[in-house]
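Input: a single structure, listed below in structure tokens.
The values are calculated or read from the model by the stated rules, or taken from the named source; none is laboratory data. Predicted model only: the values in this text are computed from it and were never measured. Here the Cβ is made from the backbone with ideal geometry for all residues, glycine too, and neighbour counts use every protein chain on show. With ligands, DNA and RNA removed, areas are computed over all heavy atoms of the protein, side chains included. Shrake-Rupley method; radii C 1.70, N 1.55, O 1.52, S 1.80 Å.
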Amino acid sequence: MPRTVDPRGFKQGMRALAGAVAILATEDPDHGCCGLTATAVCSFSADPPSLLVCINQKSSMAAAIREGSPLSINLPATDQEHVARAFGGMTTAKGVARFSAGSWARGESGAPILIGARAVFECSVGEVIARSSHLIVIGLVLAVTLDREGREPLVYADGRFATACNR
């Protein structure tokens, strides 16, 4: 039988884990573009190229993901922290208004993509697994856009944004 862990202690412990920041974006057919900032993103498979993302089932994106709308996984640079803040609920912007932060376009898949992100992965939804409070989403990569400017990556740890580079 697993021990009961204090959720606050768990969250504090997880704050010590630095995570790459990703901005997920899609379009809900009923409500327009929606997105969120996440650190629960990782490579899943190289063959076929796929990523794993975890999102809260109560998020604005959950319905669109369940319906199979294509999504983008945008990896912002440090100069795009304001975009990560908007999509992370750290500003007053909600829903479609979040897209006023940063420059956005439509990708090959039709999903909104962040212009100037270090990397953008456009994905179709391969599988969605509901587990506890979250959806585990396997995104099948349809297209990759890389920024060749060499800007530093944005990470999140200890409740704040930072860079992972020591230049």
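Summary of values
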quantity: Cut-off 11 Å (backbone N to label point 7 Å along Cα→Cβ of His31), residues of region 52-80; calculated: 58-65
quantity: Per-residue [θ]222 nm for the chain (sum of -39500 (n - 2.57) over DSSP H runs n ≥ 4, rounded to 500); calculated: -3000 deg cm²/dmol
quantity: Counted charge near Thr91, where neighbours are those whose Cβ lies closer than 14 Å (Asp, Glu -1; Lys, Arg +1); calculated: +2
quantity: Mean-position separation - Cα centroids, region 145-161 and region 1-23, in angstrom; calculated: 21 Å
quantity: Inter-label distance for Arg66 and Cys54, nm, one decimal - labels placed 7 Å from Cα along Cα-to-Cβ; calculated: 2.0 nm
quantity: Diffusion constant of the chain at 20 °C, which comes from Stokes-Einstein with the Kirkwood Cα-pair radius and 1.002 mPa s, µm²/s; calculated: 131 µm²/s
quantity: Rounded FRET efficiency, nearest 0.05, which uses the C-beta distance separating Glu152 from Ser132 and R0 of 30 Å; calculated: 0.35
quantity: Percent carbon-and-sulfur accessible area, region 46-146, ignoring ligands, DNA and RNA, probe 1.4 Å; calculated: 55 percent
quantity: Accessible area, probe 1.4 Å, largest first, for residues His31, His82; calculated: His31, His82
quantity: Cβ charges +1 (Lys, Arg) and -1 (Asp, Glu), total dipole of the chain, debye; calculated: 660 debye
quantity: Cβ-based net charge around Gly107, under 13 Å, with every Lys or Arg adding one and every Asp or Glu removing one; calculated: -2
quantity: Accessible area (Å², per residue) of the chain, counting only protein heavy atoms and a probe of 1.4 Å; calculated: 56 Å²
